[in-house]
Each structure stands twice: as C-alpha cells, then as structure tokens.
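The values are calculated or read from the model by the stated rules, or taken from the named source; none is laboratory data. As the structure is a computational prediction, the values presented were derived from the model and not from experiment. When we count neighbours, we look across all protein chains shown, and the Cβ atoms used for this are built from the backbone with ideal geometry, even at glycine.
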Amino acid sequence: MESSLSAPIIFFASIFTNNILLANFLGMCSFLAISRELPSAVGLGLAVTFVMTCTTALNYLVYHYLLVPFHLVHFRFIAFIIVIAAFVQLVEMVIDRYSPRLYVVLGVFLPLITVNCAILGVCLFMVIRKYNFVQSVAYGFGGGLGWMLAIAALAGIREKLKKAPIPKALEGPGISLIVAGLMALSFMAFSGMIQMG
Amino acid sequence: MMTLLLGLLALSGLCALLALLLEAANTVFADYGPCQVSINEGAKEFTVKGGGRLLSTLMDHGLFIPSACGGRGSCGLCKVKVLEGAGPILPTETPYMSEEELRNGIRLSCQVRIRRNIRIEIPEAFFLIKEYRTQVISLKPLTPFIKEVHLKLLEPSEIVFKPGQFIQFQVPEYPGSSEPVYRAYSIASPARLKTEIKLVITRVERGIATTYVHNFLKEGDEVLINGPYGDFYLRHSDRYMIMIGTGSGLAPLMSILYQMADEHIDRPCTLYFGVKSRKDLFYQDEIQELLQKLPRLRYVPVLSDPLPEDHWDGETGYVTDAVARDVTDGSQMEAYLCGNPLMINAAVKLLTAKGVTEDRIFFDKFG
C-alpha cells in the first residue's frame, strides 16, 4: 500500500522533521570534512541535492520497471549504486567543466558522493516507504536540500567558531562533532510533527 | 539459476545504458575545443585538442620534461612555469611546491589540464632533450637482483649527456601494464660512448618497469628512451670528493668516475658502495680499473649484512657508518650521493654535521 503522505508534506518533512543527516545520521563523513567553509559546503550540498534528486527518480524507474517485473528486487543495492556512481561521474564532469575552482575545493569528496550513504539511504527508504514517483522525487529533492541545509548550517557555525575561544583539546573535529550533536538534538524537536514511516 | 542469469543480464544492460550516457556526456562536457600552447614567449607554439594533460601534450610534441614517476604526480619533477591559463593549483601539486614556487606560478605539468590557451616557460635545456629509439644489445645479470641493460642508439644515433644524468625508459604495454609507462634510470656508462648507454636496473617486487626488464625484455628488442635529465653531475673544483652509492645507486657514480678518468681529473675521492652481502657487489673489475687510472681514488665497499661464506674483513654496517668513521672534518669536502631516500637523508644529516655545507652535497634520490 502506498504512503498516504502528500508530496509537499514529504518534501517539507525530509528537509526539517526527518532530515536525512540529522535524524538518520547518513552522509556524516563529507558532512564533517567539507564543512569548514560555507561556499564549498553549499557547493557540495548542491551537488548532493542534484545527485539525490536525479538518482531517486532514476532508481524509482529502475526498481519498478526493471527489478520488480523480473523479480530481481534483491539486486536493488547493486542497481542503485551503479546508477548513483554513473550520476556522480556526470556531476563531476559538469563541475570540472563549469566550476574548476569548486572542483578543486571538493577534491576527493566529489567522487566520494558515490559512497555517500545518504543518497543510497534515500533510494532505499523510498522503496521501504512505498512512495510513488512524485513522492519519491519530492523525497529525493527534499532529502538533498535537507542535507545541504545541515552542512551549510554546520559550515556557518564552524566559520564563527574560528574566532571562538575553544579549549585546545576540542579544536577541529572534536568541537565539530559536538556542534553536529547539538544540531541533531535541536532537529529532534521537529521529529513528532510528521511520521514518515 | 534463471534469476541469477536474468539479474546479470538486467544489470549488464543497465551498466551499458549508463556507460553510453556517460560517453555522450563526456563528448559534450570534455570538449574544450582547440587550445594554443605557447612556450617561452612564442619560441614554440602549437594548437592541441583541449582536455589533455600538459606533460603528455608536451611529450607528444617532442618536448620532454623530466618525470621520474611517469606523470602520476608522485615525484614532483615535472615542474614548469605557467604564465597564463592553468587554472587553480590542485591539492595534488601543493606538497611539491615551495612558497616561492607557488608565488611564481610553478606547476606540476602532469597535473595541469589544458582547458584554454596556455602560456608556459621552460628551461632552454629542455629543448635539447630528445626521444631515442634504441635496441637492447645485452642483458647482463650483475647480481641476483640487478641487471645491466646495454642499449645501442638507433635514431638519433648519438646522445650527449653529463655523467650523472638520467634517462626515462618507456615500458610498452605488456601483460603487467595496460598502458606505456616511463621510469627514470641513471646512465652508468661513460659519456664518451655516445652511441650506446648502460642502465643498471634492480628488480622491485611487483614493479611495472623492473618486472618488464627482468622477465620480458630480450636482447634485440627495441626500446624508446628520452633524456637526458637531471642536475646530478660533477662540479668542477679541487675539493675532496665523497661518493656514496647503495645498490644500483652506483650507476651515475660510475659514469662520473669514467668522466674523471677520461678527462684526467685527478681529485682526491673516496667511493663508498653499500650493499647487503658480497654477492650484491657489482662492477668490481671496472672499479679496479678506475683505481689504476685515478691514483687518488679510494674504494670502500661496505656490507650491511655479510654472510658467513663471504669471509668479509672489510667495512660492515650501514654505508653511512663507514663514512662517519672516516670523515672528521668535512668543511673542505664535496659529496655525491645516489641511492634510496633513507640513505640519502641519513647521509645528508651526517655530512652536514661533519661540516660539509649543503650547497656542496649533490644527490640523486630514488623516488
């Protein structure tokens, strides 16, 4: 049975109440690594959003029109990852061509979007929660924006923290993890608003 | 079974579709159109299809930039000055750059991609570097792990180099490598022999080039080389010379010693040659001949791990231990080192502590 939530609600929920990063803790490695400066965080966020939206749509089609009819749903992990990998390569080409500076800043983390578990997570949740195509795309797009919101917020906070008197032992990853934890706690406050499944 | 086959078929189809999509995208996004490469303010200019690496593009046009790692960005040798058109510096380049080089626009040519018109500056000496077609005259085992590769130059038929310099050896496609790769080897033969060169190549476990040389290369085979490269060569002075070589690091030192014998450069010199055991010593007859020609040359072989059957009563330990025992005041000395990075680092530290100034220590570090 399909999910009863409407696409706008899913879109809203995936950004705020069920943020893939702060509620499900998926995509943490690039969240911590590329959140030192706001522009590169937003750049990676846009790339993740694009890949997440496109791959959710494509993986929906692959799942429902290739895997389900041929009883191959147990291959969904491989199929989804292949689609994600191909799309990341496409995004890499586009960024390399049109924004070499962003390409340099993102460095190794751009190809690593391939293994960004948030993207695979969204594709798998879409299947588990039985979303239709529109709901899936809304979830993918919202999930990407939610991930971008979280990384941009952390980057903003980390930029402010550069001037803050942080105890030496907590500098760098230590304080970033504490901030990420506090952000997750504050997002928990939204969690009862919408039940996504 | 049917499900598995069907699954494989479906996934293969999906992969093929996505590969086609990526190939189409590549032709659109990776097409940078024709780009002009201008070298030394127009001394040489050519137009290339954008998208390629600067190092390989220059090589394709007969300009050979030194690169010991063959363009993988791990040796830091292929530096060129880019005046315009290289884009932002990459994180893969910065570890090899000093602050001054960063300010002056020095870039690693193997990492720079040509996306627009580019203006570069390279030393005039690089214009003299050529590609040579050669033929293997002989392959002689010098030790159980080291082979001497003797090459005759076919086209061009003569090479001019400074003893101590190295060439790049092209390993063609073979079962161990899907594409041609280049590796740097010092020339071990005298510079007076212009029509042939000798290289000394140590077998490295799973090394692409050394596996090729030790297992696949045969006498009579043709090999492409380019060069000569490097600023490791004899400086003219009257200072006492210390030469330290380990393993195949003896090669450029031999070439320098041949030069000294040929040009009657009678300078006081001690050659330290460090290996594990007696079976690893090579070119011993040649060194004896040099000792006859160079009366002030002293030879000190040093074994780090002599075997009982070696009956060795010479120097033992690391080669630097022997140097430390011999040298008391290095303030008037000059040093030439070639070998593995650990030995070079230890020797530089030791020699500077003994008073040899850094500008008088010359080395060729195996990367």
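Looking at the stretch B:85-103, which of its residues are within 24 Å of the chain's Cα centre (by Cα) and either facing chain A (nearest Cβ under 10 Å) or of a type in the set (Asp, Glu) (or both)? Those that are within 24 Å of the chain's Cα centre (by Cα) and either facing chain A (nearest Cβ under 10 Å) or of a type in the set (Asp, Glu) (or both): B:Leu90, B:Pro91, B:Thr92, B:Glu93, B:Glu101.
Please pick out the residue among A:Leu44, A:Leu21 that is part of a loop (DSSP other than H, G, I, E, B), crowded, with 18+ Cβ neighbours inside 10 Å and at negative phi. Please lay out each step first, then the result.
Working: A:Leu44 fails: part of a loop (DSSP other than H, G, I, E, B).
That would be A:Leu21, the only listed residue that is part of a loop (DSSP other than H, G, I, E, B), crowded, with 18+ Cβ neighbours inside 10 Å and at negative phi.
Screening the stretch B:104-121 for residues that are hydrophobic (A, V, I, L, M, F, W, C) and within 16 Å of B:Gln36 (Cα to Cα) and picking the one that is nearest to the chain's Cα centre (by Cα) gives B:Val112. With a requirement of 1 or more residues that are touching a residue at least 24 places away in the same chain (Cβ under 8 Å) and farther than 24 Å from B:Met260 by Cα, the helices (runs of 4 or more DSSP H) lying completely within the stretch B:271-367 that satisfy it span B:319-326, B:341-353. Those residues that are aromatic (Phe, Trp, Tyr), without any contact (Cβ under 8 Å) to a residue 12 or more places away in the chain and assigned to a helix (DSSP H, G or I), I need them from the stretch A:53-76; list them, please. A:Tyr65, A:Phe75 - these are the residues of the stretch A:53-76 that are aromatic (Phe, Trp, Tyr), without any contact (Cβ under 8 Å) to a residue 12 or more places away in the chain and assigned to a helix (DSSP H, G or I).
Just one residue in the set B:Gly220, B:Gly245, B:Gly249 is more than 12 Å from B:Glu334 (Cβ to Cβ) and part of a strand (DSSP E or B); that residue is B:Gly245. Among what's in the stretch A:1-18 and is modelled with pLDDT of 85 or more and in a loop (DSSP other than H, G, I, E, B), pick the residue that is surrounded by the most Cβ atoms within 10 Å (Cβ to Cβ). Looking at residues that are modelled with pLDDT of 85 or more and in a loop (DSSP other than H, G, I, E, B), I get A:Asn18. Only a single criterion out of (1) within 14 Å of chain A (Cβ to nearest Cβ); (2) in contact (Cβ under 8 Å) with a residue 40 or more places away in the chain; (3) over 21 Å from A:Tyr98 (Cα atoms) is not satisfied by B:Ser74, namely (1).
Select from the stretch B:9-41 the residues that are among the polar types (S, T, N, Q) and more than 8 Å from every other protein chain (Cβ to nearest Cβ) and write down the one among them that is nearest to A:Val88 (Cα to Cα). Reasoning before the result, please.
As a first pass, look at the stretch B:9-41 and keep what is among the polar types (S, T, N, Q): B:12, B:26-27, B:36, B:38, B:40.
From the residues that got through so far, the ones that are more than 8 Å from every other protein chain (Cβ to nearest Cβ) too are B:12, B:27, B:36, B:38, B:40.
Working: B:Ser12: 19, B:Thr27: 17, B:Gln36: 31, B:Ser38: 34, B:Asn40: 39 Å.
Filtering the stretch B:9-41 for residues that are among the polar types (S, T, N, Q) and more than 8 Å from every other protein chain (Cβ to nearest Cβ), the one nearest to A:Val88 (Cα to Cα) comes out as B:Thr27.
When you go through A:Ala169, A:Ala118, A:Ala152 one by one, which is the residue that is more than 14 Å from chain B (Cβ to nearest Cβ), buried (at least 22 other Cβ atoms within 10 Å of the Cβ) and either more than 30 Å from B:Gly51 (Cα to Cα) or free of Cβ contacts under 8 Å to residues at least 60 places away in the same chain (or both)? On inspection, the qualifying residue turns out to be A:Ala118. Residue count for the stretch A:63-91 under the criterion of being at the interface with chain B (Cβ under 9 Å from one of its Cβ atoms) and more than 20 Å from the chain's Cα centre (by Cα): the result is 7.
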